[in-house]
Structures are given as C-alpha cells and as structure tokens.
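Here is the structure we will look at.
Read the figures in this text as sums done on the coordinates, not as results from a lab. Here the structure is a predicted model, which means the values were calculated and not measured. Cβ coordinates were reconstructed from backbone atoms using ideal geometry, including for glycine residues, and neighbour counts include every protein chain displayed.
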Ligand SMILES: NC(=O)c1ccc[n+]([C@@H]2O[C@H](COP(=O)([O-])OP(=O)(O)OC[C@H]3O[C@@H](n4cnc5c(N)ncnc54)[C@H](OP(=O)(O)O)[C@@H]3O)[C@@H](O)[C@H]2O)c1
C-alpha cells in the first residue's frame, strides 16, 4: 500500500480551535485547558503518557492506539515543538516531552530558524526550513515505507490541507469552547468537497471525525 499522509488524534473545541491564545512555557495551549480538550484521550488505556494503571478500551482508545500505527515519521510546526519565537537564543530547549518523547520516529520540525538535530530516547528531531512538499519528501524517505503523520499544530495542519497533501485525517471534536486562538476550521463541512467524512460520537462526549480523500 502506498505511503499515506495522516493526521491522527488532532483535537479541536466545538468552535474549531486546536489551541488557545498566548502560548507560553507554562501554558503550551495558551489560555485553553489541554486537560479538558484532551480529556477523551487522557482517559484511554493507550494514551502515550499514561502513568496510572487502567484506562478505557472503547472507541477513544482505538483512536489513541492508532496514533503510532504504521507511522514512520512526523512533521510538526515550530510552535508545537516549543513556545519560542524568532531566532533561538540557545539550543537548550528540547521540546515539552522530557527524555522519552512519545513519537519514537524521526520528527521534522518546520521552522524558519533551523538548528542542529538531536536525539532523545528513540526520537530524532530535525529542523527544516522547507515547503510542505519538500518536507514531506524528506519525511517519506525517513519513514522507511511507513506513513507520515502531520502532528500539528493548527497552522501546520492547515498548511498541509491547503497544499492538498493530506490523505486521511482524524479530528476529535471535544465538547468545550475555546473562543479565540488557533482555529482549524469554522466547520468540518468546510472540507467535504475534498474529503469523505464520517462522524462517530463517542460515549466520552467527543465526536470523532474521520476524513479521507475523495
Ligand atoms: N489540538 C491538538 O491536537 C494539537 C496538536 C498539536 C499541537 N497543538 C497546539 O497547537 C499550537 C501550535 O500551533 P500553531 O498553529 O501555533 O503553530 P505550529 O503549526 O506548531 O507552528 C507554526 C510555525 O512553524 C513554522 N513553520 C510552519 N511551516 C513552515 C514552513 N513551511 N517553513 C518554515 N517554517 C514553518 C513557523 O515558525 P517560525 O517562523 O517561528 O520558525 C510557523 O510560525 C500549540 O499551542 C500546540 O500545543 C494542538
């Protein structure tokens, strides 16, 4: 099967925001509460950073499990990687995820301010100033025949959607409102001219949206 470009577990509020306003070191999602936005995923057995035993095994868990399934590389934007803007003052920052980032593949960070690559656990971060097409070519090569995940944030998902490079996308719509910040869409119906869409409500209150290319 051909390598695919996938968005997995991207989570937006009912009003379409994937992040709030005013990102900072203490608030990776700005004024938005990631605990509320990602409550559906945090409750599942396969949530990558779960430390407590237990967790759910229903539809939400299928989705969190699929996060890594057949993924060989991730592309993310610089604001998902960290809160810094402009030129790097130093290279001390290594992402939000500690010594064992949950990616376990090469990760390509899109930025106009490239810096040397580094490895944490089994995740390698490489920094690219490139068009979506060129970044994708690099990621496909690194993925060893597996799929490439577009990991966000919002601007990066939108950039790959605008370039028509996304084959399949899973977005969970959470029953919260964010009101301002980084918005993925005004409505999921914005995409139905280019994508099939199945909406599947989960008992947790999120509605899973599965898009795939027409
Ligand atoms: N809801 C979710 O599921 C989810 C998932 C992941 C992340 N997030 C959140 O989303 C927020 C980040 O999203 P965001 O929309 O602010 O930004 P983003 O997509 O993470 O990053 C955008 C930045 O990446 C760089 N960039 C993007 N494309 C580029 C290209 N082709 N060439 C060179 N540089 C490029 C630019 O940074 P520079 O010009 O500064 O280099 C740009 O300002 C964070 O709050 C994060 O926590 C949410």
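Computed quantities for the displayed model
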read-out	value
Span from the region 16-50 Cα centroid across to the region 76-145 one, whole angstrom	20 Å
DSSP beta bridges in region 5-206 [antiparallel fraction, %, rounded to 5]	20 percent
Most to least packed among 35-41, 23-29 [average Cβ atoms within 10 Å]	35-41, 23-29
At 1.002 mPa s and 20 °C, Stokes diffusion of region 5-206 via Kirkwood alpha-carbon radius, µm² per second	123 µm²/s
Over the chain: helical MRE at 222 nm, DSSP H runs n ≥ 4 each giving -39500 (n - 2.57), nearest 500	-4500 deg cm²/dmol
Order of 193, 164 under a 10 Å beta carbon neighbour criterion, fewest first	193, 164
Cα gyration tensor, region 8-50 - rounded (a/c under 1.5), prolate or oblate	oblate
Relative contact order [Cα under 8 Å, 6+ residues apart], the chain, whole percent	31 percent
Highest-first arrangement of 73-79, 119-125, where packing means the average Cβ count within 10 Å	73-79, 119-125
Ascending count of other beta-carbon atoms within 10 Å, so fewest first, for 80, 146	146, 80
